[in-house]
Structure formats: structure tokens, C-alpha cells
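Structure first, then comments.
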Amino acid sequence: MKKVLVTGGAGFIGSNFLHYVLAHRDYGLCNLDALTYAGNLENLRSIEDDERYRFFKADIADAEAVDETLRQAKPDCIVHLAAESHVDRSVQDARPFVTTNLLGTQVLIDAAMRHGVERFVHVSTDEVYGSLGPEGRFSEDSPIQPNSPYSASKAGSDFLVRAAHHTHGFDTRITRCSNNYGPYQFPEKLIPLMVANAMDGEPLPVYGDGQNVRDWIHVEDHCRGILTVLEDGVAGEVYNLGGNAERSNIDVVRRLLELVGKGEELIRFVKDRPGHDQRYAIDGAKVERELGFTPNWTFEDGLAATVQWYRDNAEWTARVRSGAYQGYYEEQYGHLGSQ
Ligand code: NAD
Ligand code: DAU
């Protein structure tokens, strides 16, 4: 049985990835997560007693803690998702983005090489390519032109991963994915925020004129894409992953209101995000041609299923919004002490 260490496994994509891999493979899985505001172990409640799974609370920027975790976990492979992930927060304060996304990635690479990790998948973003006009899509050869502190820190981490491969021959692969949606997404991001506000009858804040375009992929498809790259990808390569589902923000918001059963009077056009990227769109031809990956979900089905999940799990959102989820670690693991 292979042992895979996932960083950021208590976050949105990380928790979906752990669920996905446990359901489809017989791998041993370790989750290294610092439990920032975005880390929620309640996402993993249904697998915490699975003997194939183990949690380590550690900060990727803390070299000693990472070293100790790798010593105990002894992973064959690492899937690196831990990051500060929200653009608006990076506008307010870029420093945690530099510490986690840049320094943390290098600390992890160094420890991984020291501990003989065979393979390292770095989960990155299409935002490193910057912004598109009305035409064209991002390919893996598009120039790296990040526009926000978040995307700049992710681009820097991509370069550190690339350098580890080039300089040390370390087996790294990079994925660059478009906007994810699905269960367990922190309600600071567009879709869960709008669903939660619509369900509560609160205003829906749309930045600028709402004409910015994102290419949406269901998180389950992203997880399958990451697993495909981990198992079948080529060392040193970059793979774009996209959803073939470009939509303007205002169209997404209107559709969400229909699905929740609320009216457009809740929409408020608010001050735009500084430096707001206009359009993202992924050309996923390489990963389709070389690894046979295409997304399964249509946006229409995926969005309806997602709204249903947030309706069925309103308590999850309420606990996140009240902060109650942050007590879960102490309740569940307090007796273990910190690592
Ligand atoms: P998230 O914010 O929901 O989760 C991030 C996780 O990382 C949390 O569990 C948090 O506790 C953990 N973390 C943060 N700093 C840490 C640190 N210093 N040490 C250890 N753990 C730490 O993020 P997400 O949306 O699940 O994104 C996961 C990854 O995927 C990120 O690298 C992000 O850049 C990338 N990505 C996200 C999207 C998207 O649409 N959400 C799209 C493409 C790529
Ligand atoms: O493209 C991949 C990226 O997608 C990931 O790398 C990031 O981690 C992830 O957060 C996401 O970035 P975005 O900035 O595109 O996602 P966000 O959900 O914050 O915003 C989506 C769009 O909706 C964007 O054009 C801004 C707009 N928006 C967002 C919020 C939170 C609003 O109009 N109102 C809002 O309140």
C-alpha cells in the first residue's frame, strides 16, 4: 500500500481529496494541516476512525514540525495543497501568503528530499497566468503574470517546485486548476457565500459589474485530476485542469438565486476588488491528450448538487460562520497535545 501525505487536508479541496482517495484507492493517507481559519476537521469526521488515515497538526513553514511529521508518517508521495487561498485576504495582508505559500513550500520540498519522498505533486492555480481578454485560453506555455499577492505567492511556489526538479532531479509535478466549487468550501468564496446569504435572505455582494468570468470545475473532478497526475503524470511537467464551464459572475449568482428559490432583489453591486482579474479560461488539451483526463460534471448538474449539499448541511455553514468549528480539534484531539 502506497503512503501519501496530503498537506492542507482539512481545507476545502484537501478534505474532498482525502474522501475521494479513500473511496477509490487503498492508499495510506496522512494529513498535515496547521488548522488555520480555513482548516476544519469536521470535514473529515466520517474518516477519522479509518485506520488508513492519520492526522498531524503542523505548520508547513515550521521546519522542525514538518521534519518530525515526515519522520513519523514516512510517506512515499506528497500532494501539497496547504496554502493561504483567498485573494481578498491577500489584498488586506500579503504576509501570511508569503510565509505559507513561499517559505512553507520550500520547507516542505527540503524535508521531502531529505526523507526520500519519491514524488511531489504541487497543487497550483490558473491565477498564476494572470488575466485574459475576451478571447483565448491559458495553456501550460502561457506567460506567468500573476496580478494579486495571492497569485504572486503561488507563482513563486511554482518556481520553487520547478527549481527543485531542475536542480536536484526531485520528481515534482505541478497542476494548475481553475475555480473549484462543491461541498465543504469556506463561505468566503463566491459560490458558498452567495448560497449562504441567499438562504438567509441577506444581500449578495457582486464585485464591479459582475461581468468577470471564471471557468468552474467541480471539486470532485479536480481531485480526480490531481490523482491522475500523481499516478500517471511525468516528472517536471505542468498540467492545466479546467472545467470547460466559463460563466460570468452575475450569471452564476442569478442561477444560484433560482436554485435557492430567492429573487434578484437580493443582488447588490459593490465596489470592485482591487486589481480584479477579468477572465480565466483553461485549455485542458494537454492533460486530456497525455493522461486521458476530462471533467465529468457539467456546471448545471454540479451547481444544483452543490446547492443541495449546502441546503442539507446548513448546520455545517452555521458552525463555520459562528466559529464553533474551531473548537472541534480540542474536543476531538485535545488529549493528544500538539505535535
Ligand atoms: P482552503 O483555504 O480551503 O484550505 C487551505 C488548507 O491549508 C486549510 O486546511 C489550512 O488550515 C491549511 N493551511 C494553511 N496554511 C497552512 C500552513 N502554514 N501549514 C499547514 N497547513 C496550512 O484552500 P482550498 O481552496 O482547498 O485550496 C487548496 C489548494 O488548492 C491551494 O494551494 C490553492 O492555491 C489551490 N487551488 C484552489 C482552487 C480553488 O478554487 N479553491 C483552485 C486552484 C488551486
Ligand atoms: O482560479 C482559481 C482560484 O479561484 C484559486 O486559486 C483561489 O484559491 C480561489 O479562491 C479562486 O479565486 P477567485 O478570486 O476567482 O475566487 P472567489 O470565489 O474569491 O471569486 C470568484 C469571482 O467572484 C471573482 O471574480 C470575484 C467575485 N466575487 C467574489 C466574492 C467573494 C464577488 O463578486 N463577490 C464576492 O463576495
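Here are a few things to note about the model shown:
- Long-range neighbours under 9 Å by Cβ, at least six apart or interchain, first residue open to solvent by 10 Å² or more (accessible area, probe 1.4 Å) within the range 197-219, second in a strand (DSSP E or B) and of a type in the set (Ser, Thr, Tyr): 211/248; 213/248; 214/248; 216/181; 218/181
- Residue in the range 306-317 that is hydroxyl-bearing (Ser, Thr, Tyr), away from ligand 2 (no atom under 14 Å from the Cβ) and open to solvent by less than 50 Å² (accessible area, probe 1.4 Å) present: yes
- Of the criteria (1) in a loop (DSSP other than H, G, I, E, B); (2) surrounded by 14 or more Cβ atoms within 10 Å (Cβ to Cβ), which one residue 272 fails: (2)
- Of all residues in the range 51-69, exactly one satisfies the criterion of being open to solvent by less than 40 Å² (accessible area, probe 1.4 Å) and over 22 Å from the mean Cα position of the chain (by Cα), namely 65.
- Where residue 254 falls short, out of the listed (1) open to solvent by 90 Å² or more (accessible area, probe 1.4 Å); (2) touching a residue at least 40 places away in the same chain (Cβ under 8 Å); (3) more than 16 Å from ligand 1 (Cβ to nearest atom): (2)
Here's the yes/no breakdown for (1) within 16 Å of ligand 2 (Cβ to nearest atom); (2) in a helix (DSSP H, G or I); (3) charged (D, E, K, R):
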site: 56; (1), (2), (3): no, no, no
site: 64; (1), (2), (3): no, yes, yes
site: 72; (1), (2), (3): no, yes, no
site: 75; (1), (2), (3): no, no, no
site: 78; (1), (2), (3): no, no, no
site: 85; (1), (2), (3): yes, no, no
site: 90; (1), (2), (3): yes, yes, no
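- Unmet criterion (only one of (1) in contact with a helix residue (DSSP H, G or I) (Cβ under 9 Å, 6 or more places away or on another chain); (2) assigned to a helix (DSSP H, G or I)) for residue 293: (2)
- Residue match in the range 246-261 (condition: touching a helix residue (DSSP H, G or I) at 6+ places or on another chain (Cβ under 6 Å) and part of a loop (DSSP other than H, G, I, E, B)): no
- Residue match in the range 177-192 (condition: within 14 Å of ligand 2 (Cβ to nearest atom) and within 20 Å of residue 60 (Cβ to Cβ)): yes
- For the range 275-303, the tally of residues that are more than 16 Å from ligand 2 (Cβ to nearest atom), at negative phi and open to solvent by 40 Å² or more (accessible area, probe 1.4 Å) stands at 10.
- Residues located in the range 22-39, provided they are outside any strand (DSSP E or B), under 24 Å from residue 62 (Cα atoms) and more than 16 Å from ligand 2 (Cβ to nearest atom): 34, 35
- Test: residue in the range 98-116 that is open to solvent by 20 Å² or more (accessible area, probe 1.4 Å), near ligand 1 (Cβ under 10 Å from one of its atoms) and not in a helix (DSSP H, G or I): no
- Residue in the range 106-118 that is β-branched (Val, Ile, Thr), more than 11 Å from ligand 2 (Cβ to nearest atom) and within 21 Å of the chain's Cα centre (by Cα) present: yes
- When residues in the range 1-14 are screened for being over 11 Å from residue 55 (Cβ atoms) and within 16 Å of ligand 2 (Cβ to nearest atom), 6 of them pass.
The values are calculated or read from the model by the stated rules, or taken from the named source; none is laboratory data. What you are looking at is a predicted structure, and each value in this text was computed from that prediction instead of being measured. In this analysis, Cβ positions are derived from the backbone assuming ideal geometry, glycine residues included, and neighbour counts consider all displayed protein chains. Surface accessibility is based on the protein's heavy atoms, side chains included, excluding ligands, DNA and RNA. Shrake-Rupley method; radii C 1.70, N 1.55, O 1.52, S 1.80 Å.
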